[in-house]
Amino acid sequence: MDSISEKLTVFALDNATRTLTEAIDARLRTALPGAFLLDMVRLGLFVPEDGQLRLASSAAPKKAYLNAVYNSLAPKLPLSLSEALQLAGQQVSLVKPKLLEALAKDGVVKVDKSKLKWSFALKSYVLKADKKGLRRKLSKAFLEGKGQLADFWVLQLASAAELLAGGGIDKKAAAQLSARIASYSAVSGISREIARQVAGAVPPAGASPLEKGKKLRDVNGATWEWRGFWPDNKGPTLIRTSQAYRQSLENLSFEETVDDYLLIDGLSENIKIRKGALEIKRPVDAVDGYTAFLPKETYPFPIDPVTLQRLFPLLEAARIPAAVATAESLCTQLTKQGYACQRVETKKKRFLVKLKNQVRVEFCSLVINGRKYVSSCVEGGDYATTHAHALNFQSEGVQVLSYVDFLKSLHSEPVA
């Protein structure tokens, strides 16, 4: 475990559960591109010069995960640090499994192999109990002036990506550590710039305390989603489709809802009214039928005019007489002030399966305009894992669309 990338990953794993929770994984993924670049500099492969990274050696690194990053960046150098970080970030989903496998090979983590033989091999990684203590060791050495430069880079990235919290470092030591890192960063070169850009990209922590028992999620941590639709008489039934997931039936939950979707010309956001609240999911990326959404925003009715103007910029708060209390009045205001808005009632019966914190799978029967459809959805924080599961649902006749695009495709169809 001699690379910055490996130490940073173990630092992230070195928490109370010794696993990568959703929040910790999101922060680690933000910091890893910087770690990859610093490893290239440490190995003498890349050199920082005048705000750019330049190629210093054609001798590719021996570690498989670093070699993959090197091969993706080396032919494109010189690049600005921002461009290099962006390209390195595009490799994280592909490279992180290789990094974790290297740690497993070195005996640092243990691998929990998935029993779901119908899918791609899914693995979870747990830091071995006898490998705990890295975060305390590095912070203690640094505060005592005994740390190595590479260890400072690990701590600097951990601080920028908000990974210092998680156990092993008490609040007082964490505050001292952050102040010391900031002081050292003020006189550093490339690592300071990388840390600055990481800090600008990391999702901020939630502003309000989470209810007891709820799992922490990054407020800005996007998740990938694949969704398919079939006519009820042609698509796979919920029971038949769900047989592939029978080993996870203990994780099965059921929900029945009536959602009012708001279809607004020119907007791709998933906007609906559910259980007396306005819910908005904003897409941030799309690749071949897979869409990355930011976590949903929820606004219980009534909604004040200022909030509505922030959500829908064409609205003028001064022209809204009072807080909007219903879906009907919201549509009225949207239509009056320049939005072409249509409400579509969608009745849903949803079965949800969560698989070892890897993905969430949804089987849904729905009724729209009197017609019955079947929908399946695979949602996960990692594109590659989401893609692996979604392959189980590819079949003839499936329409791979987001809810909004599917409902808009039915817009002109007559009611059955």
*Round to the nearest 0.05 the FRET efficiency obtained for residue 126 and residue 82 when R0 = 35 Å and r is the Cβ-Cβ distance.*
0.50
*Enumerate the amide H contacts of residue 371 below 5 Å, restricted to partners 5 or more residues apart or on another chain; note that Pro and chain-start residues carry no placed amide H.*
416
*Over the range 299-416, average the accessible area per residue using a 1.4 Å probe and give it in Å², no decimals.*
48 Å²
*Amide H to amide H under 5 Å from residue 277: which residues, 5+ apart in sequence or cross-chain, H placed 1.01 Å off N in plane?*
301
*Report ³J(HN,Hα) in whole Hz for each residue of the range 268-277, in order, from the Karplus equation J = 6.51 cos²θ - 1.76 cosθ + 1.60 where θ = phi - 60°; Gly and Pro get x.*
9, 5, 7, 10, 8, 10, 9, 6, x, 9
*Using a 1.4 Å probe and ignoring any ligands, DNA or RNA, find the accessible area of residue 285 and quote it in Å² to the nearest 10.*
80 Å²
_Estimated vicinal HN-Hα couplings, Hz - the range 323-336 in sequence order (Karplus 6.51, -1.76, 1.60; Gly, Pro = x)_ = 4, 7, 10, 9, 5, 4, 5, 5, 4, 4, 5, 4, 5, 4
_Once neighbouring chains are kept in place and the probe is 1.4 Å, which whole percent of the accessible area of the range 285-365 is contributed by carbon and sulfur?_
54 percent
_I need the phi-derived Karplus couplings for the range 55-65: 6.51 cos²θ - 1.76 cosθ + 1.60, θ = phi - 60°, integer Hz, Gly and Pro marked x._
6, 10, 8, 9, 7, 5, x, 7, 5, 4, 5
*Is the range 137-180 best put as rounded, prolate or oblate by its Cα gyration tensor, with a ≥ b ≥ c the root eigenvalues, rounded for a/c under 1.5, and otherwise prolate when a/b is larger than b/c, oblate when not?*
oblate
*State the percentage of accessible surface on the range 58-116 attributable to carbon and sulfur atoms; use a 1.4 Å probe and exclude ligands, DNA and RNA.*
52 percent
*Name the long-range amide H neighbours of residue 109: under 5 Å, sequence gap of 5 or more, or other chain; modelled H, no Pro or chain starts.*
104, 128
*residue 178 accessible area, nearest 10 Å², 1.4 Å probe?*
50 Å²
*Can you pick out the pairs among 132/354; 7/281; 105/354; 132/172; 272/372 whose Cα atoms lie more than 30 Å from each other?*
7/281
_C-alpha center-to-center spacing [the range 1-35, the range 311-375] in angstrom_ = 37 Å
*Express in Å², to the nearest 10, the accessible area of residue 264 obtained by rolling a 1.4 Å probe over the protein heavy atoms while all chains stay in place.*
0 Å²
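The values are calculated or read from the model by the stated rules, or taken from the named source; none is laboratory data. Since this is a predicted model, take the numbers as computed values, not measurements. Quick reminder, even Gly has a Cβ in these numbers, built from the backbone with ideal geometry, and neighbours come from all protein chains shown. Surface accessibility is based on the protein's heavy atoms, side chains included, excluding ligands, DNA and RNA. Shrake-Rupley method; radii C 1.70, N 1.55, O 1.52, S 1.80 Å.
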